[in-house]
Amino acid sequence: MPNTLVEILTADGWVNITQDAYNRDPIVISRGRPDEATASDPGSCELTLNNRHGKYSPRNPLSPYYGLIGRNTPIRVWAQGPTPYLWIGATNARATVASSTALDVAEDLDVAVELALDQVPVQSSSYAPWSMEIMGRYQITGDQRMWRVMVDQLARINFVWSADGIAFSVVASSEVLRYRPGQRFALRATLDVDDDAGGHTVRFFTAPTMAGPWEQLGDAHVGAGTTGVFQAGTADLEVGSISGLGFSAGRGRYYAVQLRDGIDGPLLADVDFTAHGTGSSDVTDTVGRTWQFLNLATRTRYHRRFYGEVSSWPSRWDVSGADVYVPVMAHGPLRRLGQGQLPLHSTLRRRIATYPGLVGYWPLEEGTSAAFASTPIEGVIPLSAEGMDWAADTTLPGSGPLPKLTADAVLYGAVPAAPDGSWHLECVYYLPELPASAETVLEVRTTSSPWPWLRIEVTATAVRVVGIQPGEETSSTTLLINVTNPNVAGQWNRLWLRQEQEGGSIRLRVGWVTIGGIGLAADTSYTGTVGHVTRIHTEFGAGLEGMSLGHVALFEDDTNAFNLADTGFDGEPAGERLRRLAEEEALKLTTPGLRVHSEALGPQPIDTYLRVVTDAAEADGGVLYELRDAQALHYLPKDVLYDRAPALVLDYTQGHIAPPLEPVDDDQATRNDITIGRRGGASARVRAEEGPLSVLPHPDGVGVYEDSATLNVEGDGQLEPIAAWRLHLGTWDEARYPVVRIQLTADSRADLRQQVLDGLDVQAVMRLANLPAWMPPGDVDLVVAGYTETLTLTTWDIEANSHPAGPWSVASLVGEEQLREGFEDATYDDVLDLTDGGDAPWTRDNTQAHAGAWSLRSGTITNNQTSDLVLTLPPDAQELSFWYMTSSETSGPGYDGDFLAVLEDGSEVLRAQGETSWTRHTLDVRGSSTVTFRYSKDNSAGAGSDAAWIDDLTVTVLTDAGTDQPNRVDTDGSQVAAAVDETATTLDVHTPQPDTGQVPAWIVSAGPGDTFPGDFPFDLRVGGEVVRATACEPLGHDAFGRTETDTWGTADSGQAWSNVGTATDFAVAGGTGTITLTSPPETIRRQALPVDVADCEVLVRLSVDQVATGASMVPGILLRESGNDYYRARLHFSTAGGMFVSVTQNGSTVGSTPPLSYTYTAGQEFWLRARITGQTVRLRAWPDGMGEPAHRWDHEVEITSVVIASGALGVTGSAFAGNTNTDPVIAFHYFEVVTPQRMTVTRSINGIVKPHDAGSDVRLTRPAIVAL
């Protein structure tokens, strides 16, 4: 029976209130998604507290918790398990072994730990994604760096080592951990310091437990040069946190740790925390190391079952007053986030208002009756605004509604004082068309000299900056910058004006950036002093009527505040949006995953935090839910949900599953007609046109079940794959198990209790094994969508809501691997082959970054020089995507300016210059060798930062998943070609073909063409029986690589050819089977294989040794030979080189004899393909060396006069009467029965023993499903 522990958090810390929890009312915990729900509910915990002394009445002054409890008081519920573990629950909690030479590795290092982390990954104190310390010998103080293992901010294993205690190397796994927070698993890192090839190798592994089996996580990292681990270090071995490192502790449960001297070498430390009882006393491991437990690290058997908040403390009592109690209902964070929350502001307002260096900001996102332009910045006064049609424009993705100007619009007001020396003013605008005459777009007044007032004007042909020297009565003006034919109208732009002090001169710059595109800038320099902006004072003019304006912001210096936020972060990967929002809102939400695995999202909507987060999760297709071991949300992206091993196995025969277990074959989840739309874009529709759950009426399908959704994805090209994936989920043909019941009370269930505590949680995969004989054979894998847990002193029951896990078993197919580089560490050339060129190398830079903190910046060069970065593409590279940004001189009449050029094998494919925000570009690099990023300067002056940046390079390469993955593609439908009994070990399988085109049959282990013996065996499901195919080849095939006289002997497929005709007319030699048409040539000669086939397809290559004279020679393919009846698909070699095709029943032509466009010469080889389906025969022919015209048939005819159900197949040869050639020879060079195929099988893999009729469905047991 369970022991429970209930705690609440007060100002004095966590308080144990277990003694006040009533047993008469059970503790009931619910988490995840209820049955038939589509989204996770807030977690809940119901329990009843004894309140006879008023202890839990928050307003009772006599309560010991008076002033300490109230709304949203944190609460935790624990249950005791059978096995102890080390709990790391505090910031610096750790287990340690004092430093000694006994812990030193001689060369290679092998370290492993079995654990369950509370969060994967974690967040820093600023809520940014953060790394956590797992274990290591690593002291920064005193340069005692040796090695350490961490889990980084993307949930990758991170390994660091030092050879000298000072310098260190960092390697992260190329894939993220695929274990949920709270799930028990083992991780391992190995360092081969000398791989015998002049390098070193780091590998990462994971396993269910320390006992294995270990599976490599991602690719091995092979580094240049040999290395080593610091031998003279004196750092202690620490687990759970590492002294002085500064990252987060690896909070969670730790079960075992191993340190080895060499890969799989002798153990230097080997502790199993489950074998040492509870408490914090020292323990000695199996090799004699003494472990100490510091800073609240302790060994315990208690596991958290709920972590939430008590929103109210309702006091209740019976009429006697003897029973006073509080029925507590606690909830997870989803409840609080789902109510009483205001919508988030626009991305521009959120970004600009918090950006460093901001002096003043006026979003202009006012309501329709606004009287002025307000500001969200404390200490800044509003701007006066007249003539504004407020909230009239809602078309800018990164903004709320903005005003349009009327004919007499004015915007003016004072701005806060700022330091002299530089300033930067920026806004967004939409000008439908250029005005006929000069109009003022923006005017500022400053303390700069000699022209303190600056005005940006736009005309029909130019943008100009005018300097104004105000006078008492009149003002003088000077044209400072004039840019002709600018692209400043017809789209949303950003406009900026900037002054910077350069010695004794002022550098004045003006620029505009097309939002979502590239920009343009111009500048000038003149003697003067830069002051600061004092006022914005703009009288716009009637020519700008209808222009939209917003987000006027003043900064102390150059800024990137508008970048990406102006588009609403359009194109942002879902995982990055979730992480960014959590940091911006200071909320606990974590998610693992690499950016390339996330769906690119559309602009961030203006809505509540929870709805914006849900918007991203729905578009990406993963699962958002509450954690159990932390008061936080967690998002599991879809790529982490694929192909997961079961976290627990419930054995029916062992009583692990409590009655009733009631599978349901219903239509609750059936969706076979899916339409997915994009917000503001197109839609895509996908229907299941065949299969048991198709839109076809019964019995071929189930009828139409429609579903639709509108998602916030970046582009219309994402819609069809998403719709296809949802169709796959909605047509998965498997019974549901809505509820699986588990009873853990009995003492005999200790092993089951531990398995449940370690593995069962929301989104866990559980396997039902050894189900009763009346159930379908085999194990059943289910995903736990949610569960309800009931705890008393005498009961511990769990009811898990579930759905099939099968749809999430996907293939890793060709094209899945991406090589990525984000320049976040100094060893950025270890992933991609990057080399320097030109006059200066590109270097890492942390002043600009698309994602993370670093990017790569072009080198510093002078006029007529270049800075090159050359990417040598890996083999089988398919696509390169990257982000770029420029700040440079633009081109003009007679000069190119300074620019970023991207060259593919020396040919320019992209050029960018001026002021451009971060922009993504994708190249098809199939067949290419190099891509060069080149920053070039001409011989004129520079502008801007005079540089280009690139970030987040991703190269997609072809790769093979390996034979241990479900990476086999099923046919479009196959069936048993001939009935078999329950003992047959060969199976003839037919793959029906469409009316036009060609669908693949099964791969073959032997026969002509490409063979794949290494891909066998594989399992097939035939009429409910699982058989294992150990070999497959065409039902008949022959390459004629033998010598025979008066016969064709035995085909390569093992059957003996049977001829009709004079024996001396048949021979085999030199790779051909020949039929000589001795007199009379019109006699039909036949060669047949002794098989009995109905529908089939046959392919031959043939020739004749002479050009026909007198009449045609007509070799062909023999179909359904039964006694003296047969069909022929003939290729006519006619006189004068003409060619025709025809179909016959016996000797009679059926239908027409259409001509072909080809001619022939003696000995020229042709292909002939014939397909018979029912009574319809189709055929086509084409010359050898030309591609097959698979889109059409040369002839198609239905035979109705003589119906032959099935028969033998082979080839025929004859000529028409009147042929005058002398003993012409028909040669067959290739013969193949494309379908059916003959498989060698092992029967009854799943215990089902039964015969199968012709037509029984044949499919892969585990077909490859391409992941979304």
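Excluding the site residues themselves, the longest part of the chain lacking any GluC sites (Glu not before Pro) in a DSSP loop with at most 13 other Cβ atoms within 10 Å is 37-377. Dividing the summed helix terms, -39500 (n - 2.57) for each DSSP H run of n ≥ 4, by the number of residues in the chain produces a 222 nm estimate of -1500 deg cm²/dmol to the nearest 500. Among the chymotrypsin sites (Phe, Trp or Tyr not before Pro) in region 36-86, which ones are in a DSSP loop with at most 11 other Cβ atoms within 10 Å of the Cβ? Mind listing them? Of the chymotrypsin sites (Phe, Trp or Tyr not before Pro), not one in the loops of region 36-86 has a Cβ with at most 11 other Cβ atoms within 10 Å. For the chain, with the dipole built from +1 on Lys and Arg beta-carbon atoms and -1 on Asp and Glu ones, taken about the Cα centre, which of GLY892, SER929, ALA977 lies farthest toward the positive end? Positive-end residue among those listed: ALA977. For region 659-794, pairs of C-alpha atoms spaced more than 17 angstrom apart make up 70 percent of the total. The aspartates and glutamates whose alpha-carbon is closer than 16 Å to the alpha-carbon of LYS55, local same-chain residues fewer than 8 away aside, are GLU7, ASP12, ASP20, ASP323. Here the mean projected area of the convex hull built on the C-alpha positions of region 817-957 is 7.8 nm². Identify, among VAL15, ALA647, ALA224, the residue whose Cα sits farthest towards the positive end of the charge dipole of the chain, taking +1 on the Cβ of Lys and Arg and -1 on the Cβ of Asp and Glu, with the dipole about the Cα centre. Of VAL15, ALA647, ALA224, it is VAL15. The Cα-based radius of gyration of region 606-716, divided by its Kirkwood radius, gives an Rg/Rh of 1.07.
For trypsin sites (Lys or Arg not before Pro), the sites in region 621-729 that DSSP calls loop and that have at most 15 other Cβ atoms within 10 Å are ARG679. Answer rounded, prolate or oblate for region 1037-1234, using the Cα gyration tensor with square roots of eigenvalues a ≥ b ≥ c: rounded when a/c is under 1.5, else prolate when a/b is larger than b/c, else oblate. It comes out rounded by the Cα gyration axes.
Radius of gyration over Kirkwood radius for region 90-296, both on Cα atoms: the Rg/Rh ratio is 0.93. Summing Lys and Arg as +1 and Asp and Glu as -1 over all other residues whose Cβ lies under 12 Å from the Cβ of ARG911 gives a net charge of -2. Size check on region 356-560: the Cα extents along the three principal axes, sorted descending, read 46, 40, 39 Å. Placing +1 on the Cβ of every Lys and Arg and -1 on the Cβ of every Asp and Glu, with no other charges, gives the chain a dipole of roughly 2640 debye about its Cα centre. For region 733-824, the set of trypsin sites (Lys or Arg not before Pro) satisfying both a DSSP loop assignment and a count of at most 13 other C-beta atoms within 10 Å is empty. Rounded to the nearest whole angstrom, the semi-axes of the ellipsoid equivalent to the chain, taken from the Cα gyration tensor as √(5λ), stand at 63, 48, 32, largest first.
Of all aspartates and glutamates in the structure, those lying under 18 Å Cα to Cα from LYS937, and not within fewer than 8 positions of it along the same chain, are ASP523, ASP836, ASP839, ASP868, GLU889, ASP896, ASP898, GLU908, GLU915, ASP946.
Coordinate-derived values only; no laboratory data. Not measured: the values here are computed from a predicted model. Every residue, glycine among them, receives a Cβ derived from its backbone with ideal geometry; neighbour counts consider all protein chains shown.
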